[in-house]
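Each remark here refers to the structure printed beneath this line.
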Amino acid sequence: MDFHFTPDQLALKKMVQELVAKEITPYALEMDKTGEIRPELLKKLDEAGMLNLTVPEEYDGPGLDAVSIALIYEELGKGCAGVATTVAANALASYPVLTSGTDEQKQKFFSVINSGKMAAFALTEPGAGSDAGAVATSAVKDGDYYVLNGTKCFITNGGIADIYVVFANARKSAGIRGLTAFIVERDTPGFSVGKDEDKMGIRASNTCELILDNVRIPAANRIGREGEGFKIAMKTLDAARPFVGAVSVGLAQAAFELAVKYSREREQFGKPIASFQLVQAMIADMAMQIEAARLLVYKACWMKDQGLPYAKEAAMAKCFAADTAMKVTTDVVQVLGGYGYTKDYPAEKYMRDAKIMQIYEGTNQIQRLVIANNILY
Ligand code: COS
């Protein structure tokens, strides 16, 4: 076993740490208030190569392995989980094309995110969350076109993307075997952005409703075969889940470092609260949980990079790291006491941001089902 990173991975991590320190951390609370990512930051993220992390070299991308991408997300997560989510949504949307798209589709989709534009993965609907197969958006074949009708909700980057992967059902009677994936461009007539969600956390990220009203798209934009959409969505979520884990680890680490610093400085009963054993126990538990979560994330990514089956490990990494982020950030607020509950410190933001990690890209209840299914069947 080798726990070392390559010189390239270490250089990448250092570059992202510098980007985060200069361009993200100082503005994290401001973006949390405004509920928007700074447009200047999107430009900086593009210049730093953060918006096309999953694009292979043959399509003019960086061709990174999953471990390297996880290291990047961990650092972004330390700075702001909302920014990390914005970046990660481009990766999420790229996987259906990466795993199942044609060469022309890859050229088209990757050239958009290579040029600094945003992408979105549109699966969820008001009636199809955990039950992803229940997508009601319809796709009706009409000559060389499909006509899409329906509404998507909770779509990360929905309002700021230029290109979307939209899941619709092309054969209603076939249930999940009718689900089909399509590339939809934002300027297609009939396609519009609806309600912008006012969220508890990850407020720098954009989350919108999408409306498809007789959207005619060329059949050439269909990804894979008709009815292959459910499997494409599941493979995409397998690939993306360790990265939610990586963001969770970074978020938990940032909160932990705040608690360590605060506990050394804050004095009660005439000494730093770090000298009290009940505080020490919380610090030790946080450190253990974060380290365990980090190792699960790296292992799932390493398995993916080795070409091994990794769906179970991806779900474990996402679930454990998200639960860790929630537990750690809650305890960090506790260590900071009354101050942790105010907006004078980022502790309460970390706690609000952590909650979504247990919900999006498959709730932690769904992750447990995926893990159990992989063990039992
Ligand atoms: N990779 C490839 N194929 C997969 C797969 C995976 N990870 N998981 C399931 N499949 C295939 C199965 O092999 C099965 O194929 P066959 O019909 O050919 O045998 C098909 O998909 C259906 O699988 P299954 O019966 O397990 O599906 P379920 O309806 O029971 O759903 C869960 C499984 C609940 C795990 C799935 O719906 C899910 O992950 N839901 C969460 C969705 C989600 O994460 N939403 C968040 C919003 S998107 S950001």
Seminar exercise, completed: Between residue 265 and residue 25, the FRET efficiency computed from the C-beta separation at R0 = 22 Å comes out, to the nearest 0.05, as 0.70
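Using 0.36 nm per residue of separation minus the Cα-Cα distance, give me the extension gain between residue 327 and residue 365 in nm, one decimal. Can you show the working numbers first?
Working: separation 38, 0.36 × 38 = 13.68 nm, distance 1.62 nm.
Value of the extension gain: 12.1 nm.
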Exercise. Once fully extended, how much extra length lies between residue 145 and residue 305, figured as 0.36 nm per residue of separation less the alpha-carbon to alpha-carbon distance?
Worked result: 53.9 nm
Exercise. Can you list the HN-Hα couplings for the range 37-42, worked out from phi with the Karplus curve (6.51, -1.76, 1.60; θ = phi - 60°), rounded to whole Hz and with x for Gly and Pro?
Worked result: 6, 5, x, 4, 5, 4
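Can you pull the semi-axes for the range 230-376, root of five times each eigenvalue of the Cα gyration tensor, sorted largest first, whole Å?
Numbers: eigenvalues 225, 41, 25 Å².
For the range 230-376, the semi-axes come out at 34, 14, 11 Å.
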Exercise. Which of 204, 292, 255 moves most in a GNM of the chain, Cα contacts under 10 Å?
Worked result: 292
For this session: Please state the charge dipole magnitude for the range 119-226, taken about the Cα centre, from unit charges on C-beta atoms (+1 on K and R, -1 on D and E), reported in debye and rounded to the nearest 20.
Result: 340
Seminar exercise, completed: Placing each pseudo-label 7 Å from Cα in the direction of the beta carbon, residue 341 and residue 234 end up separated by a distance in nanometres of 4.6
Seminar exercise, completed: GNM of the chain, Cα pairs under 10 angstrom: of 99, 330, 54, the biggest fluctuation goes to 99
Exercise. Could you name the lysines in cross-link range of residue 271, using Cα to Cα under 21 Å and dropping any fewer than eight places away on the same chain?
Worked result: 261
Exercise. From Cα coordinates alone, what are the radius of gyration and Dmax values for the chain in angstrom?
Worked result: 20.8, 79
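Over all directions, what mean area does the Cα convex hull of the range 50-161 project, stated in square nanometres? Working shown, then result.
Numbers: hull surface 32.6 nm².
Mean projected area for the range 50-161: 8.2 nm², to one decimal.
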Problem set entry | Hits among lysines - C-alpha to C-alpha of residue 231 under 26 Å, sequence gap 8 or more where chains match | 106, 108, 141, 152, 172, 299, 304, 312, 318
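Can you give the FRET efficiency for residue 216 and residue 99, using 1/(1 + (r/R0)^6), R0 = 41 Å, r = Cβ-Cβ distance, to the nearest 0.05?
Details: r = 26 Å, r/R0 = 0.63.
Calculated value: 0.95.
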Problem set entry | Paramagnetic reach from residue 276 (point 7 Å along Cα→Cβ, amide N under 13 Å) across the range 315-337 | 334-337
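If R₀ is 25 angstrom, what is the calculated FRET efficiency for the pair residue 43 and residue 14, using the beta carbon separation as r and rounding to 0.05? Working shown, then result.
On the way: r = 21 Å, r/R0 = 0.85.
The pair residue 43/residue 14 has a calculated efficiency of 0.70.
Given 10 °C and 1.306 mPa s, how large is the Stokes-Einstein diffusion coefficient of the range 119-226 in µm²/s, with Rh as the Kirkwood radius over Cα pairs?
Numbers: Rh = 13.8 Å.
For the chosen part, D equals 115 µm²/s.
Readers should treat all values here as calculations from the given coordinates under stated rules, not as data from a laboratory. These numbers were taken from a predicted model, which means no experiment stands behind them. Note that we place each Cβ from the backbone using ideal geometry, even for glycine, and neighbour counts take in every protein chain shown.
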